[in-house]
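A.B. asks: Below is the structure I would like to discuss, written out as structure tokens.
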């Protein structure tokens, strides 16, 4: 009984000590909270100071020959506590920016210190964009220094709150330059014309040899005197005869310049229209070569006896129809096997220009495969039987 009472007394003592410690802890926390500073964003609207760089008045900043512009500022007043602040640089070329108006650009990079090294390439690009937007018909004055105006926007980091703006400073002499984006060959080309599908209102997407960049082709029928243009986008008539740095009529189609800078074809017939694009690095432009070649399509592979391989064989060439509305017809398949067919393009291998059928239309090869179309899509693997034929409308891209 005595031992039990001792345990009870000890337990009560332990509990009292624990409660005292907790109370002391709460008292201590209360005192800390009373002395902790409180976030105060009421002064954010008052702004903060962006310092003018030393010697700014007597210095020309050549943005193309330097990597960074050093800026410093005072932190906005958030209750006298140095909270982590994120700064964004804004630039303008309109002096009205000093009065809070006018267009400006905010750079993509931001900073969390009051001393920041601003990337001059970002600054340069923003200045050029501001100038070209304000003066769309005027060439950018590369060799002429101009004044620019800078301001900082600040927020409490990771919160988006406490937005504050600095004063605007002027750098009176800044040299920027126009840097054109590096030219690149287009993803697609289209052909539109008097005999392409619906006259002058259908933009036929040209096929591309698999894995070959900057090459485009199509089989097309042109009546005598037919004309066409090419385009980078559907709905445009942007590429005429003068758009091609060279025109190679390798099949005596009689290709010349037509009306309104159209490409004109004097001699009626089916032709392979084959365009090659390449970047002229010196001029930084894409140059296009237009080639007219013999139109030729063939079946190959296991369904016509694999011993012939996959090269074009005269016995397996499709027969061209009389005009664009007609159907190309293959010889009969000789054995059972998967459909393999291609269009002959001078600078491409057969497997780069082969096609299959999907949902009744031509499907040009666009992926890697070793033995069968099933490696790309099982729906593209078409089984052929002896005696069957392949029928293709190359104008409408319809296959059966």
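The values are calculated or read from the model by the stated rules, or taken from the named source; none is laboratory data. Keep in mind that what you see is a predicted model, and the values were worked out from it rather than measured. As a convention, Cβ positions derive from the backbone with ideal geometry for all residues, glycine included, and neighbour counts pool all protein chains shown.
A.B. asks: Can you find a residue that is touching a strand residue (DSSP E or B) at 6+ places or on another chain (Cβ under 8 Å), under 26 Å from residue 196 (Cβ atoms), surrounded by 15 or more Cβ atoms within 10 Å (Cβ to Cβ) and not assigned by TED's automatic domain parsing to the domain that holds residue 201 anywhere in segment 301-313?
C.D. replies: yes
A.B. asks: Looking at residue 71 and the list (1) assigned to a helix (DSSP H, G or I); (2) at pLDDT 95 or above, which single condition is not satisfied?
C.D. replies: The number of the failed condition is (1).
A.B. asks: Of the residues 237, 216, only one is touching a strand residue (DSSP E or B) at 6+ places or on another chain (Cβ under 6 Å), outside any loop (DSSP other than H, G, I, E, B), modelled with pLDDT of 95 or more and not assigned by TED's automatic domain parsing to the domain that holds residue 363; which?
C.D. replies: That would be 216, the only listed residue that is touching a strand residue (DSSP E or B) at 6+ places or on another chain (Cβ under 6 Å), outside any loop (DSSP other than H, G, I, E, B), modelled with pLDDT of 95 or more and not assigned by TED's automatic domain parsing to the domain that holds residue 363.
A.B. asks: With the requirement that a residue be touching a residue at least 24 places away in the same chain (Cβ under 8 Å), out of contact with any helix residue (DSSP H, G or I) (no Cβ under 8 Å at 6 or more places or on another chain), part of a loop (DSSP other than H, G, I, E, B) and on the phi < 0 side of the Ramachandran plot, what does segment 47-67 give you?
C.D. replies: Across segment 47-67, the qualifying residues are 49, 51, 52, 53, 59, 60.
A.B. asks: Go through segment 208-228 and give me each residue that's over 17 Å from residue 267 (Cα atoms) and buried (at least 21 other Cβ atoms within 10 Å of the Cβ).
C.D. replies: 208, 209, 215, 216, 217, 218 - these are the residues of segment 208-228 that are over 17 Å from residue 267 (Cα atoms) and buried (at least 21 other Cβ atoms within 10 Å of the Cβ).
A.B. asks: Could you run through segment 348-396 and say how many residues are in a loop (DSSP other than H, G, I, E, B), under 28 Å from the mean Cα position of the chain (by Cα) and surrounded by 13 or more Cβ atoms within 10 Å (Cβ to Cβ)?
C.D. replies: Of the residues in that region, 6 qualify.
A.B. asks: Follow-up question, since we're still on this one. Filter segment 238-256 down to the residues that are within 22 Å of residue 278 (Cβ to Cβ) and surrounded by fewer than 22 Cβ atoms within 10 Å (Cβ to Cβ) and list them by number.
C.D. replies: Those that are within 22 Å of residue 278 (Cβ to Cβ) and surrounded by fewer than 22 Cβ atoms within 10 Å (Cβ to Cβ): 238, 240, 241, 242, 243, 244, 245, 246, 247, 248, 249, 250.
Residue by residue, here is whether (1) in the same structural domain as residue 91 (by TED's automatic domain parsing); (2) modelled with pLDDT of 95 or more; (3) assigned to a helix (DSSP H, G or I); (4) closer than 30 Å to residue 86 by Cα holds:
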residue: 129; (1), (2), (3), (4): yes, no, yes, yes
residue: 132; (1), (2), (3), (4): yes, no, yes, yes
residue: 137; (1), (2), (3), (4): yes, no, no, no
residue: 141; (1), (2), (3), (4): yes, no, no, no
residue: 151; (1), (2), (3), (4): yes, yes, no, yes
residue: 162; (1), (2), (3), (4): yes, no, no, yes
residue: 180; (1), (2), (3), (4): no, no, no, no
residue: 183; (1), (2), (3), (4): no, no, no, no
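A.B. asks: Could you go through segment 35-42 and let me know if any residue there is modelled with pLDDT of 60 or more, surrounded by 10 or more Cβ atoms within 10 Å (Cβ to Cβ), touching a strand residue (DSSP E or B) at 6+ places or on another chain (Cβ under 6 Å) and within 30 Å of residue 161 (Cβ to Cβ).
C.D. replies: No.
A.B. asks: Let me ask something else. From the list 290, 317, exactly one residue is assigned by TED's automatic domain parsing to the domain that holds residue 254 and touching a strand residue (DSSP E or B) at 6+ places or on another chain (Cβ under 8 Å). Which is it?
C.D. replies: So the residue among 290, 317 that is assigned by TED's automatic domain parsing to the domain that holds residue 254 and touching a strand residue (DSSP E or B) at 6+ places or on another chain (Cβ under 8 Å) is 290.
A.B. asks: Considering each of 162, 235 in turn, give the residue that is crowded, with 19+ Cβ neighbours inside 10 Å and either farther than 13 Å from residue 273 by Cα or more than 24 Å from the chain's Cα centre (by Cα) (or both).
C.D. replies: Criteria check complete, one pass: 162.
A.B. asks: Sort out which residues of segment 363-383 are touching a residue at least 60 places away in the same chain (Cβ under 8 Å) and touching a strand residue (DSSP E or B) at 6+ places or on another chain (Cβ under 6 Å), and write them in order of number.
C.D. replies: Within segment 363-383, 364, 365 qualify.
A.B. asks: When the residues of segment 222-232 are filtered to those that are more than 22 Å from the chain's Cα centre (by Cα) and not in a loop (DSSP other than H, G, I, E, B), which remaining residue is nearest to residue 259 (Cα to Cα)?
C.D. replies: That would be 227.
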